[in-house]
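Here the structure is laid out as structure tokens; the discussion comes afterwards.
The values are calculated or read from the model by the stated rules, or taken from the named source; none is laboratory data. From a predicted model like this one, the values you see are computed outputs, not experimental measurements. Virtual Cβ from ideal backbone geometry, glycine too; neighbours counted across all protein chains shown.
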Amino acid sequence: MNCHDLDFNISRLGRCRIPSPLSGVRFVRNDERVLYPSDASAIEACVAEGKPLPAFEAAGPREQIYFDPSKLKCGIVTCGGLCPGLNDVIRAIVLSLFHHYGVATVFGFRYGYEGLTHRHGHRPLELTPRAVADLHQKGGTLLGSSRGPQDVSEMVDTLERMNVGILFAIGGDGTLRGAQAVTEEIGRRNLKIAVIGIPKTIDNDISNVQNSFGFETAVSEARTAVYSANAEAEGARNGIGLVKLMGRESGFIAAYASLAHSEVNFCLVPEVPFTLDGLLAALKRRIESRGHAVIVVAEGAGQDLVERPRETDASGNVRLGDIGIFLRDMIPARLKNLGMDVTLKYIDPSYTIRSMPANAHDSVFCLLLGHHAVHAGMTGRTNMLVGFWKNEFTHVPIPLAAFERKRIDPEGRLWSNVLASTGQPKEMM
């Protein structure tokens, strides 16, 4: 999609008339923008054609706010799979609401969007600074999580009944689409409720967001698995270490883990097809020349090679075939047929990584995401999420983030760097 076709406008509930209680901070003007293109030729083309430069609204506190903090109640929900940093974001939102703005009532809705419906019987938690004091030291989510859609009308009924003014939805593309549906129902009822998203996807696959929280922790925690795979491979004659990492449709974790740990010789991602014969030929050459090999595979890679269950999960995602187990079993058997006996060790650290606490960098990132989400919500902005672009926090309309997944460009710089680091052939067909 051409960047000029993108709509960067942020919806608002109304004019901001209340002076912000914040002091001693740098307030952001409403006209401050973060440029979308970074390529000089794209910017020059816009200028030459007399077109406005595509840009995100800059995130941050404003001098005037929409909601009266003394009357405001807020809600937080976490959806989808676990991800490092979930608790950090919850804590940051709660502390910012209490200490920056003086909001006294914050509800935590249990087990994702289920907590906004009455049929499941989940009672909301009341979140206070004391309740979240040491939350950032723990993995997982205090609120619990779930997948799958719920009745939108019933969710808005709950928000209206509990007099919630801002709902903070922490989750991936499915969560964001749900948040958009909630926003639309709120609009049909002419309610003054803001919906603010915080992008949570360990796969880092949300469009028009440079980084999502938990991704750096995931790459860092993959280190142990890759190191172990390499040690096992070097310790055996014709040794192979095979590591399966997260990445249903986007292979960013596998790619960055391969760059971070240059012992990796083959990186397999969903965006770049390969055949078993092509992989085996390259793998055999590698072992013959170096005596061992390390393979990192994203869970969504090679789905055309494996048997896939004919079913979907609660979020509507087609269940994947297990490429890790497939390669674990097929590589030794097929190489033996080619006259090479190998020792293969298989490691799948996925759930260990998902449940880890955030590392230091992600903790900082989560804190600032939470703060910026609160600043946006207090100004009555809605149907948006807090993004990160060119190292700046931004406001991103939810439709702009959820319309497609961000994926690795096989002709782009990232994949070129992976090929240079691993030494694998560009094509293994």
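Against the list (1) surrounded by fewer than 22 Cβ atoms within 10 Å (Cβ to Cβ); (2) in contact (Cβ under 8 Å) with a residue 24 or more places away in the chain; (3) out of contact with any helix residue (DSSP H, G or I) (no Cβ under 7 Å at 6 or more places or on another chain), the condition Gly239 fails is (3). Of the numbered criteria (1) crowded, with 24+ Cβ neighbours inside 10 Å; (2) farther than 26 Å from Phe27 by Cβ, the one Glu404 fails is (1). Pairing residues of the range 297-324 that are farther than 18 Å from Gly81 by Cβ and modelled with pLDDT under 90 with residues that are part of a loop (DSSP other than H, G, I, E, B) and of a type in the set (A, V, I, L, M, F, W, C), at Cβ distances under 8 Å and at least 6 apart in sequence or on separate chains, gives Arg308/Leu320.
Criterion applied to Glu216, Glu232, Glu249 was being within 23 Å of Gly85 (Cα to Cα), in a helix (DSSP H, G or I) and touching a residue at least 24 places away in the same chain (Cβ under 8 Å), and the one residue passing it is Glu216. The residue of the range 91-112 that is surrounded by the fewest Cβ atoms within 10 Å (Cβ to Cβ), among those that are part of a helix (DSSP H, G or I) and touching a helix residue (DSSP H, G or I) at 6+ places or on another chain (Cβ under 6 Å), is Ser96.
Mind checking whether some residue in the range 163-172 is of a type outside the set (Val, Ile, Thr), touching a residue at least 12 places away in the same chain (Cβ under 8 Å) and over 20 Å from Ile93 (Cα atoms)? Checked against the condition, which is being of a type outside the set (Val, Ile, Thr), touching a residue at least 12 places away in the same chain (Cβ under 8 Å) and over 20 Å from Ile93 (Cα atoms), the range 163-172 yields no hits at all. Residues in the range 253-265 that are touching a helix residue (DSSP H, G or I) at 6+ places or on another chain (Cβ under 7 Å), crowded, with 23+ Cβ neighbours inside 10 Å and not hydroxyl-bearing (Ser, Thr, Tyr): Ile253, Ala255, Ala257, Val264, Asn265. Here the helices (runs of 4 or more DSSP H) wholly within the range 323-393 that include at least 2 residues being aliphatic (A, V, I, L, M) are 323-337, 360-378.
From the list Leu385, Leu369, Leu344, which one is within 30 Å of Arg290 (Cβ to Cβ), touching a strand residue (DSSP E or B) at 6+ places or on another chain (Cβ under 7 Å) and touching a residue at least 12 places away in the same chain (Cβ under 8 Å)? Among Leu385, Leu369, Leu344, only Leu344 is within 30 Å of Arg290 (Cβ to Cβ), touching a strand residue (DSSP E or B) at 6+ places or on another chain (Cβ under 7 Å) and touching a residue at least 12 places away in the same chain (Cβ under 8 Å). Taking the criterion of being part of a loop (DSSP other than H, G, I, E, B), of a type outside the set (A, V, I, L, M, F, W, C) and surrounded by 11 or more Cβ atoms within 10 Å (Cβ to Cβ), the residues of the range 18-50 that qualify are Ser20, Pro21, Asn30, Glu32, Tyr36, Pro37.
Taking the criterion of being within 22 Å of Gly172 (Cα to Cα) and among the polar types (S, T, N, Q), the residues of the range 63-106 that qualify are Thr78, Asn87.
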